[in-house]
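Some notes on the structure that comes next.
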Amino acid sequence: MDIITPPTTGTSDWRQLPLAEMERRVARFEEAVWAAQIAAPPNHALLQDAVKRKNAARCPVWLRRVTLNLVIRYGDALIDLYQEFPDDLGRVAPYDLMVGFNPKVKITPTEAMMTDSEWISEWGVGWKHVVGGVGATEVSNPLTDWATLKHYLKTLPDPDEPGRLDAAVAPAAALHGAGKYVFGLFGAALFHIFSIRGFENALMDFHLEQANLHRLVEALGDYALKLIRQWAKVGVDALLFLDDWGTQEGLLIAPATWREFFKPCYAGLFRETHRLGMDCFLHSCGNVTEIVDDLIEVGLDVLDPIQVSAMDIAELARRFGGRVSFCGSIDVQSLLPHAKPQEVKDAVRRSIDVLGRPFGNGLILAPTNTITPDVPLENLRAMFEACHQQ
């Protein structure tokens, strides 16, 4: 494979590459990594067994959890790793979740995440990215006054909008044709309340505006139910819901509050997902130990990302092992950026020994979040080798 070299721009800093070169690197990565995964041996049964904790042959691997910064920085060196060690878990996403399915917004994911940029998502939320940052910052919220709730609910995205999931159909079919287990990236289900209202407003709403908040949560639940039905038509094995309820030390809100406002809705969403033949994955960063029993009760199949910097994996294994499968456990905050390669390998093997093997290998090995460009290439290789050489 040819080595990508930066064009002559007067700087060797990959962050200062022209947007066209960044887009080229991202497209090259997507094409090469996709081809390697399609060419890899079938593994649908492996994932099914791991998700249901039925003595899978090994812990499956999902390492394609990377920032565009990382892809652009390492170029072909990163491609080589994914070609040598293809992911087990297939992922399909029909559009960028930060923008949404919004033909009016003329911005690509690379432009949004690598340049100075601002845009309004299909939910009416304003976002801004500054060069050098990872991710985007919320700068405006569409429902700052509850008096406009009725109007805002009329402007919610349409889950049945023609074409919404069209871009996921062919990739899902190709992965299934290659014998892969496929999940659809659903995005946020109920966590939208914080970006719709603004973080401080939403926290106060739990105490001061319960009736209005219930109305908003109910509307989001109705949207999610309809979108689940659309995903079932695409034909995926699972849905990954992205709702971040944890901080480093505990829940963002009191457990009793979470149970009042959100648990019944999750019960309905997971029930519908199962009725339509799909498994339920929930991504929630931070320490969500206090509601794991609740999530299991309402039907969660896989808890992601097992953030080891916030939760004790031995405690998780003791309390929940065998009742839910796990995903994640490879720390992106301290381990991958700062550890030595052997320490990375040791941490991966401990995760397998604690969360995987005792429970039918019910652990999908994955980073605890997207891998950022401060991670050394040698640590990336150590992670790939440890995950794939069980």
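Of all residues in the stretch 61-70, one or more are in contact with a strand residue (DSSP E or B) (Cβ under 6 Å, 6 or more places away or on another chain) and in a loop (DSSP other than H, G, I, E, B). Scanning the stretch 353-371 for residues that are part of a helix (DSSP H, G or I) and aliphatic (A, V, I, L, M), we see that the one that is least open to solvent (accessible area, probe 1.4 Å) is Leu355. Filtered by the rule that a residue be touching a Ser or Thr at 6+ places or on another chain (Cβ under 7 Å) and either closer than 16 Å to Ile371 by Cα or open to solvent by 40 Å² or more (accessible area, probe 1.4 Å) (or both), the stretch 72-104 gives a lone residue, Met98.
For first residues located in the stretch 216-228 and farther than 14 Å from Leu153 by Cβ, partners that are part of a helix (DSSP H, G or I) and not hydrophobic (A, V, I, L, M, F, W, C) and lie 6+ apart or on another chain with Cβ distances below 8 Å form the pairs Leu225/Gly268; Leu225/Glu272; Ile228/Glu272; Ile228/Thr273.
Tally up the residues in the stretch 129-142 that are free of Cβ contacts under 8 Å to residues at least 60 places away in the same chain and surrounded by 16 or more Cβ atoms within 10 Å (Cβ to Cβ), please. Counting residues in the stretch 129-142 that are free of Cβ contacts under 8 Å to residues at least 60 places away in the same chain and surrounded by 16 or more Cβ atoms within 10 Å (Cβ to Cβ) gives 3. Does the stretch 105-128 include one or more residues that are open to solvent by 60 Å² or more (accessible area, probe 1.4 Å), part of a loop (DSSP other than H, G, I, E, B) and closer than 28 Å to Leu70 by Cα? The answer is yes; a qualifying residue exists. Counting only residues that are open to solvent by 30 Å² or more (accessible area, probe 1.4 Å) and closer than 22 Å to Leu276 by Cβ, the stretch 195-227 holds 4 of them. Scanning the stretch 177-194 for residues that are surrounded by fewer than 22 Cβ atoms within 10 Å (Cβ to Cβ) and touching a strand residue (DSSP E or B) at 6+ places or on another chain (Cβ under 6 Å) gives Leu185, Gly187, Ala188.
Selection within the stretch 79-104: residues that are among the aromatic types (Phe, Trp, Tyr) and part of a loop (DSSP other than H, G, I, E, B). The member of this set that is nearest to Gln390 (Cα to Cα) is Phe85. Considering each residue of the stretch 318-329 in turn, at least one proves to be open to solvent by less than 40 Å² (accessible area, probe 1.4 Å), part of a helix (DSSP H, G or I), touching a residue at least 12 places away in the same chain (Cβ under 8 Å) and not small (Gly, Ala, Ser).
The set of residues in the stretch 14-25 that are open to solvent by 20 Å² or more (accessible area, probe 1.4 Å), touching a residue at least 12 places away in the same chain (Cβ under 8 Å) and either among the hydrophobic types (A, V, I, L, M, F, W, C) or closer than 23 Å to Ile364 by Cα (or both) comprises Trp14, Leu19.
The values are calculated or read from the model by the stated rules, or taken from the named source; none is laboratory data. The structure displayed is predicted, hence computed values, not measured ones. Cβ coordinates were reconstructed from backbone atoms using ideal geometry, including for glycine residues, and neighbour counts include every protein chain displayed. These area figures cover heavy atoms from the full protein model, side chains too; ligands, DNA and RNA do not enter into them. Shrake-Rupley method; radii C 1.70, N 1.55, O 1.52, S 1.80 Å.
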